[in-house]
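Okay, structure first, notes after.
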There are 2 protein chains.
Amino acid sequence: MSGSLIVVGLGPGAPELITPEVTAALAAATDLVGYAPYVARVDAAPDVRRHASDNREEIDRAAFALKLAADGRRVVVVSSGDPGVFAMAAALFEAIESGEPSWRDLDIRVLPGVSAMFAAAARIGAPLGHDFCAINLSDNLKPWTTVEKRLRAAAEADFVIALYNPISKARQWQLEATFALLRGIHPASVPVIFATAVSAPQERIDVVPLGDAQPDRANMRTVVMIGSSQTRIIERAGGTRFVYTPRSVGLLS
Amino acid sequence: MSGSLIVVGLGPGAPELITPEVTAALAAATDLVGYAPYVARVDAAPDVRRHASDNREEIDRAAFALKLAADGRRVVVVSSGDPGVFAMAAALFEAIESGEPSWRDLDIRVLPGVSAMFAAAARIGAPLGHDFCAINLSDNLKPWTTVEKRLRAAAEADFVIALYNPISKARQWQLEATFALLRGIHPASVPVIFATAVSAPQERIDVVPLGDAQPDRANMRTVVMIGSSQTRIIERAGGTRFVYTPRSVGLLS
């Protein structure tokens with residue numbers, strides 16, 4: 001029996017954002033592996049085995065999935081968003097590199113998904129329409145000095161910045177420190193977008209100027225996007241607005 | 001009659017990477033607007049009007065689509081990949097801001113898609129698994145000095161870099177200049193991924209060290225990804241390999 005391991009991205013939440021490719025992989029799985037809330041999102045046949053694990057156990061989870069695949073199971077590892085963006089795919093390859101040599105020759109594939117930041121951007125307009133960076137704000141896996149260096153480099157070069165994992169119960173001060181750092185580089189008027197639970201029933205999107213941005217608008221389901229100096233707001237009737245970053249900069253028009 | 005305008009991302013090419021949300025929007029359209037090859041990719045009913053335009057006419061195309069929507073048509077503007085990433089969404093909002101005031105209150109939505117860079121990353125492993133930047137290498141819409149500044153900032157802060165529009169018939173020297181600039185910052189061993197026509201029959205993915213990277217491996221359908229100093233290669237049987245960037249950096253293990 002020949003096993004396989006597929007890492008899939010379920011998108012930000014809504015079923016209509018799951019690609020047909022991922023749906024087909026899920027339908028062929030014998031085993032689902034992942035963080036419990038993501039495994040619970042999958043509508044699978046009763047005989048499919050669900051292996052739900054806690055958060056922050058990515059390497060153990062990946063090694064477990066590899067063992068199942070080596071035993072001949074058709075394993076699907078579920079991530080939210082896109083699996084290659086601060087999610088399970090990198091953890092899987094870390095486990096492969098440090099694990100059994102035979103694991104690297106298993107049938108292994110990664111299937112892309114709609115990322116949280118692109119779903120969030122689409123909801124509000126096109127804030128990532130020009131050059132941008134994605135930074136994981138967690139300092140669990142890198143020193144805070146590295147995060148600061150990257151934030152400063154990105155803002156000084158006028159990238160739009162998307163922040164993943166902006167806050168958690170154990171990390172409370174980092175987002176405020178980020179806003180303070182960016183206020184030293186950007187005008188206070190630069191738009192900050194807090195996009196929470198995008199495409200889920202609890203979806204909430206707030207746009208505030210950098211000068212007024214407070215970390216308590218974010219939670220573990222929030223992507224924070226900080227505009228560049230060029231990012232613009234279009235006011236609409238009814239108090240709603242679009243936020244976008246033009247494609248051009250610094251040219252005579 | 002109430003019109004609408006929806007900007008959709010068709011993903012990188014394969015139909016199984018189009019979200020059900022986009023498929024539903026296409027099925028309800030009366031008019032399709034976009035760059036000719038993307039409009040041609042849509043399998044629409046015979047009575048749907050197709051308005052295909054040339055490349056580099058984004059603002060005119062957006063204004064045309066807005067006029068159709070204002071006239072009561074159900075318009076879908078098609079982009080490849082994700083529409084918010086160097087594609088039609090930003091052009092649309094530029095046209096809205098500079099156009100008829102009534103346009104901003106039309107029923108306008110952006111639907112995300114699977115971006116070219118995430119599809120490319122998934123095919124080779126997880127090269128974007130840590131902090132990364134996306135840079136449009138075209139200097140049609142910004143000065144080359146701005147591109148250089150961003151490349152330098154991104155490499156010095158050790159972001160992985162994804163380059164969109166790396167080369168065209170009219171822009172031949174910029175990609176070589178990019179590699180030369182990055183060789184002054186990164187070791188020659190840093191992996192460079194040339195991902196061309198991902199998910200299409202012509203798909204080709206090459207991985208070469210930065211020291212050997214030549215621009216002739218890229219064409220207009222290529223996304224180029226340059227690793228950070230941490231990006232790793234896993235060799236597999238049969239000469240294939242995975243490329244990934246670990247989630248952690250700079251911590252004692």
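Worth pointing out:
- What the phi angles of the stretch A:65-74 give under the Karplus curve with 6.51, -1.76 and 1.60, with θ = phi - 60°, is a coupling list of 5, 5, 5, 4, 5, 5, 7, x, 7, 9 Hz, glycine and proline written as x.
- Footprinting exposure proxy ranking of B:TRP144, B:TRP173, fewest other C-beta atoms within 10 angstrom first, gives B:TRP173, B:TRP144.
- Using the rule -39500 (n - 2.57) for each DSSP H run of four or more residues, divided by the residues of chain B, the 222 nm mean residue ellipticity is -8000 deg cm²/dmol.
- Computed on the Cα trace of chain B, the radius of gyration divided by the Kirkwood hydrodynamic radius gives Rg/Rh = 1.02.
- Note on A:ARG41/B:ALA40: beta-carbon distance plugged into 1/(1 + (r/R0)^6) with R0 of 41 Å gives a FRET efficiency of 0.75.
- Straight-line reach from B:LYS149: taking Cα to Cα under 20 Å and skipping same-chain neighbours fewer than 8 places apart, the lysines in range are A:LYS149.
- Spacing of the modelled spin labels on B:GLN172 and B:ARG241, each 7 Å from Cα toward Cβ, amounts to 3.0 nm.
- With its label point put 7 Å out from Cα toward Cβ, B:ALA45 sits 3.5 nm from the same residue's point in the other copies, in order from shortest.
- FRET efficiency for the pair B:GLU100 and A:LYS149, taken as 1/(1 + (r/R0)^6) with r the Cβ-Cβ distance and R0 = 51 Å, rounds to 0.70.
- Relative contact order of the stretch B:34-172, taken over Cα pairs closer than 8 Å and 6 or more residues apart, is 18 percent.
- Cβ charges +1 (Lys, Arg) and -1 (Asp, Glu), total dipole of chain B, debye: 480
- Annotation for A:PRO143, label-to-label distances across the other copies: 3.5 nm (shortest first, one decimal, point 7 Å from Cα along Cα→Cβ).
- A cut-off of 5 Å between modelled amide H atoms, ignoring neighbours fewer than 5 places along the same chain, links B:ALA126 with B:VAL243, B:TYR244, B:THR245.
- Computed from the C-beta positions of B:ASP60 and A:ASN55 and an R0 of 45 Å, the FRET efficiency is 0.40 to the nearest 0.05.
- Calculated label separations, A:VAL208, copies of the chain, 7 Å along the beta-carbon direction, nm: 4.9
- Under-5 Å amide H pairs with A:VAL33, H placed in peptide plane, nonlocal only: A:HIS51, A:VAL76, A:VAL77, A:VAL78
- Candidates B:ALA29, B:THR240, B:VAL75 compared by Cα position along the dipole of chain B: farthest toward the positive end lies B:THR240, with charges placed on Cβ.
- Whole-angstrom gap from the stretch B:77-115 to the stretch B:173-225, using each part's C-alpha centre: 29
- Given charges at beta-carbon only (K, R positive; D, E negative), |dipole| of the protein assembly as shown in Debye: 240
No value in this document is a laboratory result; all are computed from the given coordinates. This structure is a prediction, so every number in the text was calculated from the model and none was measured. Cβ coordinates were reconstructed from backbone atoms using ideal geometry, including for glycine residues, and neighbour counts include every protein chain displayed.
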